[in-house]
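Let me begin by presenting the structure, written as structure tokens, before commenting on it.
Taken together, the values in this text are just the output of simple stated rules run on the coordinates, not laboratory data. These numbers come from a predicted model, not from an experiment. Cβ: placed from backbone, ideal geometry, glycine included. Neighbour counts: every protein chain shown.
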Amino acid sequence: MSFHLPPPDTGALAARLLAWYDRHRRHLPWRMPPGVRSDPYLVWVSEVMLQQVRVETVARYYGPFVERWPTVGALAAAPLEEVLRAWSGLGRYARAHNLHASARLVVERHGGRVPEDEAALLALPGVGPYTAAAILAIGFGRGGSAVPVDGNIERVVARLFALGWDTGSPASRRRAELRRLAASLAPQARPGDHAQALMDLGATICIPNGRPRCGACPVADACAARAAGVAETLALGPKRAPKPKRFAAAFWVSRPRDGAVLMRRRPARGLLGGTLEPPSTEWRPGRAWRMAEAVSSGAAPVGAAWRRLRGRVRHALSDFEVEFAVMAAADPRRLPGAGEDGAVWVPREALEGEALSTMSRKLVRHALAAEGRGGQRGAAAAVPPGRSRSAAPPTSARNASSRLAPETPQTSPRSSNAARQPNSASAHSTLPATGTAPDGTAAAAPLSGRAMGMA
């Protein structure tokens, strides 16, 4: 749906937006003062981190990351495992892989300097049209047709020109038209600040899922959607379908002699690439795993008397939600050595600093909480082969996972409403326990710290 109204005076519009930005911009750690260009490398890092992650989350990760690796060369020289650990909790780990690989290519091909050429930027892994345009505009002060257009800018431009969502038209066509219109608004002077002004306008004034704050908008009188009375009702995109659900069983194995926890490393490429996680069954649709079925599926990493911990752990990924049942091993018969069948033994005191995804951290918290409540008390009973389900578990099984109590949770971080995309995280923490919500799912305690962010 569109409304054919006179086009705005783009020069006057840009001037008003920049004046508004100078007074009301968000103060973010990766931004320079108005009129001052940012380091292209720092723009690149921040833009990669900001992909579908809340601004306040990235603000907690960004500083420690660029302090540790302040240049492209420093990042290129870093071991990938260290980069993944620093990324732990930000989610979408392919971004960390690509950023690291791209840094090495920039050193190899461009002498460690971020290229000022769009084609060269687009040749880097993980750099698409938006990221390339953001680097050029904000880092190099380049205007022209390559204007960064994120979700906030799309929304502002859609309302400004009253370009609503049309179910009969391809989404790619509408997106291309929004990019064209955004480029028509960009001034030659301060193109980076102008792009960030549109981002801030969309994040704080021209907001989604509710009433836009038109009374505070610096360009409200030029807005076609407002003039037509549809600013609040203009369809900005298709309705999101509910995420499909998958089910899995995770296996918690604690080494009796020192309490170390058995983990495995996911493949470097693909979902949650390169992160550590407790071993699990396949993630299947349709139905949850019964304990006996999960143990007999061949996914159990050791022979043991398995017990199902009460409650479930749910985690939303990009395209689906996964729900875990957690099985804890008592009296494991033979433990694999480090590296055997992909086994990684992690000392409990080292869990916080490992490259665990938020999903894995939820599983760890759930298991530690069960141990803190007395290990097997209240758990659904499982039995070793040959023992009836009603028989009491061996004493050693009841005590096997209660050797170490979970650490005390830290103070909850201060929240912010300046969100760009959904997600959350923080900067330094321990691994606290969680409770169990009324519906039986794992309920996360208030957390503070880099490691405990959302994936």
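Observations, loosely collected:
- In Å, descending, principal axis extents of the Cα set of region 65-111: 31, 21, 14
- Normalising the Debye intensity of region 10-227 to I(0), with uniform scatterers on Cα atoms only, and taking log10 at q = 0.17, 0.18, 0.19 Å⁻¹ returns -1.22, -1.33, -1.43.
- Inter-label distance for Val344 and Thr10, nm, one decimal - labels placed 7 Å from Cα along Cα-to-Cβ: 4.9
- Of the residues Val83, Val156, the one with the fewest other Cβ atoms within 10 Å heads the list, and the complete ranking is Val83, Val156.
- Summing Lys and Arg as +1 and Asp and Glu as -1 over all other residues whose Cβ lies under 15 Å from the Cβ of Arg179 gives a net charge of +1.
- Label point distance in nm, Ala241-Val36, each placed 7 Å from Cα along Cα→Cβ: 4.9
- When peptides 245-255, 214-224 are ranked by their average number of other Cβ atoms within 10 Å per residue, the highest-first order is 245-255, 214-224.
- Extension gain, Asp221 to Ala316, is 30.2 nm, computed as 0.36 nm per intervening residue step minus the present C-alpha separation.
- Around Ser357: net Lys/Arg minus Asp/Glu count, Cβ-Cβ under 11 Å: +2
- Gained length - Glu108 relative to Arg180, 0.36 nm times residue gap less alpha-carbon distance: 22.5 nm
- Sorted ascending by nearby beta carbons within 10 Å, beginning with the fewest, Glu56, Glu340, Glu116 become Glu340, Glu116, Glu56.
- The peptide list 40-53, 139-152, 258-271, put in order of mean Cβ contacts within 10 Å with the highest first, becomes 40-53, 139-152, 258-271.
- For region 276-316 and region 175-208, distance of Cα centres in Å: 47
- Residue-wise HN-Hα couplings along region 37-44, as the Karplus relation 6.51 cos²θ - 1.76 cosθ + 1.60 with θ = phi - 60° gives them from phi, are 6, 8, 5, x, 5, 5, 4, 4 Hz; Gly and Pro carry x.
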